[in-house]
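To start, the structure under review is shown below, and the notes come after it.
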Amino acid sequence: MFEILAEGGLGQFYELSADAGRRVGTAAPAGHYGFLDTPAVRERLVDFSDGATTRVTFAIPEIHCIACVWLLENLFRLNPAIGRSHVDFPRKQVAVTFDPARVELGAVAALLDSLGYPPDLRLADLGGRRAHRVPRRLWLQLGIAGFAFGNTMLFSLPAYFGLDAASGPSFQRLVGWLSLLLALPVVSFAAGDYWRSSWQAWKQRRMSIEVPIVLGLAAIFLQSAAEVVSGAGVGYFDSMAGLLFFLLLGRVFQQKTYDRLAFDRDYRSFFPLSVLRKSGGTEERVALDQLRVGDRVVVRHGELVPADARVASGTAVVDYSFVTGESTPVELGAGAWVYAGGRQVGGAVELETAKAVSQGYLTSLWNQDVFRKTKDDTFDSTTNRYSRRFTWIILAIAVGAAAYWTWARPALAVKAFASVLIVACPCALALAAPFTLGTAQRVLGRRGIFLRNSSVIESMARVDAVVFDKTGTLTQPRRGDDAFSGPALDPVEAAAVRAVAEQSMHPLSRQVAALLAAGGELPVIMGFEESPGNGTRARAGEREVRLGSARWLRATGIGVPDGAEGAGNEVWLALDGRVRGVFRLGSAVRPGIPGMLAGLGRRCRIALLSGDQPRERESFRRLFGDGAPLQFGQGPAEKLRFVRELQESGARVMMVGDGLNDAGALRQGDVGMAVVEDVAAFSPASDVIVEASRVACLADVLEYSRRVVRVVRQGFLVSALYNAAGLAIAASGRLSPFVCAVLMPLSSATVVVFACAMAEWHARRLGLGGETPDPTAVESPATEARPS
Amino acid sequence: MNVILLLIPLSLLMAGGFLWAFVWAVRSGQYEDTCTPSMRVLADDGTIRRPGEKSTETEPRKS
């Protein structure tokens, strides 16, 4: 890598960051990215192409420091056909513009790979464009509304302070017309989304918060325009622009998203973009969706099985922990079925695909109805339920006031009707929810609990049944009741075994190494051999160490006692050719879980669904209490069905899980919570992504959501008080633009301050307010240490 | 009094200029990623040498 950079004059890379020379993985073999140049893949992968320039965005998980940004943005010095490359650090993406006539897409990907930044190509990348964070349109609307707000307010000031008496009616007319001119883009463009969604609500005969807002806007605009045109006054344009400005501000505040997390992943985000296909005697990389039934594919160590298939030759050792949650790998010989989503942990194996990628056992889960509709469509927020009642009351008051004045003094009737709609415009009401929920979302984000959007809090507040997955959610692999049975190991032996175990990446090996972590100096390792999925052997100092399954040790000529083949996770140890004992590795309940379950069990129903065999039924019975359903051996579709049946019995269900096997249940649940060890890692589609260490505060999080929703209601009450005061003035037909211009911002500001302060206060009360590092925040490059 | 008739168009012109700048910033994607530019400015010291070109720096930087 240094040679490439030195040639390109980019030696400065190493000056920028002392730890820039990270571990560079083995470079991809030639032709690895060739499949990108097939037209079908290229067209769907690139963002934009006009023949002379092509733009493509690659996800690069390796981006982690300033030097990475600098190097990736100087790609044009390494290959003159590359025009501009632009890094988006929080999203870990690079957008590259290049000349397709001079360099091919595959070559660009290969260049990135050779620099140590292999693009992460997933099947989902073919799906099309990625959404903007806060949509540009919303920013522009906010800008227009703010511009009009500021200027009309300045125009109106002389009128409010009685200064325009001196300047005469012609000046007043000028100000009126200017304000009207400024108000036009506000009503048409900045309020565009409100018109659209209230029209949709109207067509579907349901009431949303947008309807009274639009009514108020229309009333203000028409009334003010009438005043200006008739020369009667300057209207309420400043209040209208201000109202919309605050509303849009609330929308921007609510748009908090976590860039490094994806809440909408389906199986396509897990599968690679390409597979190695064998046809005749040659191997070639092809895009996954070009794979046909009957094709032979080669799956190497660590790769995912892309489609349901049969083993053609070699031995498959498949880790289904992704799919079932069961962590013990399964060994399969020729002819056996292998299911998509399993991870090969042995050497390379040849498979013959038997089903299309989208029809597999696992992927067929995504063909269920539950994945077709988005949850937001069906969600009925607290705000909308309130605004239904609210709108009818307001309309009744407006009509009542108009009717009264028609009888008492007809000249005032229209004004009173419009004034009621203007004052009642539920600006403050519409702000209560975005600011309360938005604050709560940020509070939880600081504690490692990330919400898809802020309305998830309302769903969480209504949850009355919680369903847990077991492996990876309630239990964790390490620090369990792991034990070594056999004569105790002396420190030298322990150090030798640990040194060997540390060489392997197999989860069980890591567990053995962690168990022996107390040892001192580690001996030198010689002649390390790993038989993937079976075991490892090496010389450590004076001793010859073998760690592995009973069957493998027998096959290497070591007498393991018969009948020793137990269930679950056992690692046998042989020293110098003789059996020394066996490591029994369990999985332990995460700290804090028993207390959380006990607390939660008092408030709502809890249940356990596990893909595992019922080995641990008794210990979980104690944790969950007597009444709770505990189901073992559950597949993905069964978990989904369990959640659906629970919902049909009237419960609002929260599903807490971690694997792809929970994906259906996570989606079906009213709230799906995905538990991850590392927030940047893959997780199935869900509403909430939570760090594994935070599962224990789940009960507090649910309680917090309930209180936050209560704060939203209190915010409604505050705004209703203002509305009542305003209505009293309006219905009497005496509303002046000045009162309006003071009352509206004041009520909005009160509600916003109240909402944010109360959401923070409740978080502190529940012990959720403390700061922990936000993992989505940018780590400062100076503190980031990676193994070199 | 008549001065205000001059001031109003002037103030509108200025505010319009700011609005145009804001619209340009949004359109060019500056609100998309507010994090990377802050890192970019630290790395790019503008003395990058092209291959074959003589260094513009007299001394190689010490790190």
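The values are calculated or read from the model by the stated rules, or taken from the named source; none is laboratory data. Computed from a prediction, not measured in an experiment: that's the story for all the values here. Note: ideal-geometry Cβ built from the backbone for every residue, glycine included; neighbour counts use all protein chains shown.
Filter the range B:12-26 for residues that are more than 7 Å from chain A (Cβ to nearest Cβ) and either among the small types (Gly, Ala, Ser) or more than 13 Å from the chain's Cα centre (by Cα) (or both) and give the result. Quick ask: steps written out before the conclusion?
Residues of the range B:12-26 that are more than 7 Å from chain A (Cβ to nearest Cβ), as a first pass: B:13-14, B:16-18, B:20-21, B:24-25.
Those that are more than 7 Å from chain A (Cβ to nearest Cβ) and either among the small types (Gly, Ala, Ser) or more than 13 Å from the chain's Cα centre (by Cα) (or both): B:LEU13, B:MET14, B:GLY16, B:GLY17, B:PHE18, B:TRP20, B:ALA21, B:ALA25.
Residue-wise test of (1) touching a Leu at 6+ places or on another chain (Cβ under 9 Å); (2) part of a helix (DSSP H, G or I); (3) not assigned by TED's automatic domain parsing to the domain that holds A:VAL671.
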residue: A:ALA416; (1), (2), (3): yes, yes, yes
residue: A:LEU421; (1), (2), (3): yes, yes, yes
residue: A:LEU431; (1), (2), (3): yes, yes, yes
residue: A:THR436; (1), (2), (3): no, yes, yes
residue: A:ALA440; (1), (2), (3): yes, yes, yes
residue: A:VAL443; (1), (2), (3): yes, yes, yes
residue: A:GLU458; (1), (2), (3): yes, yes, no
residue: A:VAL463; (1), (2), (3): yes, no, no
residue: A:PRO487; (1), (2), (3): no, no, yes
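For the range A:673-732, which positions are touching a helix residue (DSSP H, G or I) at 6+ places or on another chain (Cβ under 7 Å), assigned to a helix (DSSP H, G or I) and hydroxyl-bearing (Ser, Thr, Tyr)?
A:TYR704, A:SER705, A:SER719, A:TYR722
Do we find that A:SER736 is among the hydroxyl-bearing types (Ser, Thr, Tyr) and free of Cβ contacts under 8 Å to residues at least 24 places away in the same chain in this structure?
Criteria met by A:SER736.
Residue-by-condition table, conditions (1) part of a loop (DSSP other than H, G, I, E, B); (2) at pLDDT 75 or above:
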residue: A:VAL323; (1), (2): yes, no
residue: A:SER327; (1), (2): yes, no
residue: A:GLY335; (1), (2): yes, yes
residue: A:GLU352; (1), (2): no, yes
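Can you pull out the residues in the range A:210-249 that are in a loop (DSSP other than H, G, I, E, B) and buried (at least 24 other Cβ atoms within 10 Å of the Cβ)?
Taking the range A:210-249 and keeping what is in a loop (DSSP other than H, G, I, E, B), we get A:231-236.
Answer for the range A:210-249, where residues must be in a loop (DSSP other than H, G, I, E, B) and buried (at least 24 other Cβ atoms within 10 Å of the Cβ): A:VAL234, A:GLY235, A:TYR236.
Would you point out the residue of the range A:186-207, among those that are touching a residue at least 40 places away in the same chain (Cβ under 8 Å) and either crowded, with 17+ Cβ neighbours inside 10 Å or touching a Lys or Arg at 6+ places or on another chain (Cβ under 6 Å) (or both), that is farthest from A:ALA226 (Cα to Cα)?
For the range A:186-207, the residue satisfying everything is A:MET207.
Here are A:ALA241, A:ALA225, A:ALA218, A:ALA201: which of them is touching a Ser or Thr at 6+ places or on another chain (Cβ under 9 Å) and more than 14 Å from chain B (Cβ to nearest Cβ)? Please lay out each step first, then the result.
Details: A:ALA241 fails: more than 14 Å from chain B (Cβ to nearest Cβ); A:ALA225 fails: touching a Ser or Thr at 6+ places or on another chain (Cβ under 9 Å); A:ALA218 fails: touching a Ser or Thr at 6+ places or on another chain (Cβ under 9 Å).
Just one listed residue meets the conditions, A:ALA201.
Could you tell me which of the residues A:ALA720, A:ALA674, A:ALA665 is in contact (Cβ under 8 Å) with a residue 60 or more places away in the chain and closer than 19 Å to A:PHE468 by Cα?
Working: A:ALA720 fails: closer than 19 Å to A:PHE468 by Cα; A:ALA674 fails: in contact (Cβ under 8 Å) with a residue 60 or more places away in the chain.
So the residue among A:ALA720, A:ALA674, A:ALA665 that is in contact (Cβ under 8 Å) with a residue 60 or more places away in the chain and closer than 19 Å to A:PHE468 by Cα is A:ALA665.
Any chance the range A:37-47 includes a residue that's within 14 Å of another protein chain (Cβ to nearest Cβ) and of a type in the set (A, V, I, L, M, F, W, C)?
Here is the first cut: in the range A:37-47, the residues within 14 Å of another protein chain (Cβ to nearest Cβ) are A:47.
Of the ones still in play, those that are also of a type in the set (A, V, I, L, M, F, W, C) are none.
No - not one qualifying residue is present in the range A:37-47.
Within the range A:529-558, track down each residue that is modelled with pLDDT under 75 and either in contact with a Lys or Arg (Cβ under 9 Å, 6 or more places away or on another chain) or in a strand (DSSP E or B) (or both).
Across the range A:529-558, the qualifying residues are A:GLU530, A:SER531, A:ASN534.
Looking at the range A:65-72, is at least one residue under 26 Å from the mean Cα position of the chain (by Cα), part of a loop (DSSP other than H, G, I, E, B) and either surrounded by 14 or more Cβ atoms within 10 Å (Cβ to Cβ) or at positive phi (or both)?
yes
Residues checked against (1) modelled with pLDDT of 85 or more; (2) closer than 30 Å to A:ALA755 by Cβ; (3) among the aliphatic types (A, V, I, L, M):
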position: A:LEU249; (1), (2), (3): yes, yes, yes
position: A:THR257; (1), (2), (3): no, yes, no
position: A:ALA262; (1), (2), (3): no, yes, yes
position: A:VAL286; (1), (2), (3): no, no, yes
position: A:TYR320; (1), (2), (3): no, no, no
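For A:GLU62, work out the one condition from (1) away from chain B (no Cβ under 14 Å); (2) in a strand (DSSP E or B); (3) of a type in the set (Asp, Glu) it doesn't fulfil.
Every listed condition holds for A:GLU62 apart from (2).
Whether any residue in the range A:157-170 is at positive phi, in a helix (DSSP H, G or I) and either of a type in the set (S, T, N, Q) or surrounded by fewer than 17 Cβ atoms within 10 Å (Cβ to Cβ) (or both) is what I want to check. If you could, list the steps in order and put the result at the bottom.
Going through the range A:157-170, the residues at positive phi turn out to be A:162, A:168.
When the remaining residues are screened for being in a helix (DSSP H, G or I), the result is A:168.
Now drop any that are not either of a type in the set (S, T, N, Q) or surrounded by fewer than 17 Cβ atoms within 10 Å (Cβ to Cβ) (or both), which leaves A:168.
Yes: one or more hits.
Among (1) more than 17 Å from A:ARG590 (Cα to Cα); (2) modelled with pLDDT under 85, where does A:ARG479 come up short?
(1)
Please state which one of A:ARG652, A:ARG580, A:ARG584, A:ARG644 is closer than 30 Å to A:GLU544 by Cα and in contact with a helix residue (DSSP H, G or I) (Cβ under 8 Å, 6 or more places away or on another chain).
Working: A:ARG652 fails: closer than 30 Å to A:GLU544 by Cα; A:ARG584 fails: in contact with a helix residue (DSSP H, G or I) (Cβ under 8 Å, 6 or more places away or on another chain); A:ARG644 fails: closer than 30 Å to A:GLU544 by Cα.
Going through A:ARG652, A:ARG580, A:ARG584, A:ARG644 in turn, just one is closer than 30 Å to A:GLU544 by Cα and in contact with a helix residue (DSSP H, G or I) (Cβ under 8 Å, 6 or more places away or on another chain): A:ARG580.
Filter the range A:73-90 down to the residues that are in a loop (DSSP other than H, G, I, E, B) and surrounded by fewer than 20 Cβ atoms within 10 Å (Cβ to Cβ), then identify the one that is nearest to the other protein chains (Cβ to nearest Cβ).
Pass one, the range A:73-90, residues in a loop (DSSP other than H, G, I, E, B): A:74, A:79-81, A:89-90.
The next check asks that each one be surrounded by fewer than 20 Cβ atoms within 10 Å (Cβ to Cβ); those that pass are A:79-81, A:90.
On the way: A:ASN79: 12, A:PRO80: 10, A:ALA81: 15, A:PRO90: 5 Å.
Here the residue is A:PRO90.
Specify which of the listed residues (A:GLY116, A:GLY106) is away from chain B (no Cβ under 14 Å), in contact (Cβ under 8 Å) with a residue 60 or more places away in the chain, part of a loop (DSSP other than H, G, I, E, B) and under 30 Å from A:LEU304 (Cα atoms). Please lay out each step first, then the result.
Working: A:GLY106 fails: part of a loop (DSSP other than H, G, I, E, B).
None of the other options fit; the residue is A:GLY116.
State which residue is farthest from the other protein chains (Cβ to nearest Cβ) when the search covers only the range A:137-154 and only residues that are surrounded by fewer than 21 Cβ atoms within 10 Å (Cβ to Cβ) and over 34 Å from the mean Cα position of the chain (by Cα).
A:MET153
Is the range A:177-186 home to any residue that is in contact with a Ser or Thr (Cβ under 6 Å, 6 or more places away or on another chain), assigned by TED's automatic domain parsing to the domain that holds A:ILE144 and assigned to a helix (DSSP H, G or I)? Talk me through it step by step, then tell me what you get.
First pass over the range A:177-186, keeping only residues in contact with a Ser or Thr (Cβ under 6 Å, 6 or more places away or on another chain): A:179, A:182.
Next cut, assigned by TED's automatic domain parsing to the domain that holds A:ILE144 only: A:179, A:182.
Then keep just the ones that are assigned to a helix (DSSP H, G or I); that gives A:179, A:182.
Yes, there is a match, as at least one residue in the range A:177-186 is in contact with a Ser or Thr (Cβ under 6 Å, 6 or more places away or on another chain), assigned by TED's automatic domain parsing to the domain that holds A:ILE144 and assigned to a helix (DSSP H, G or I).
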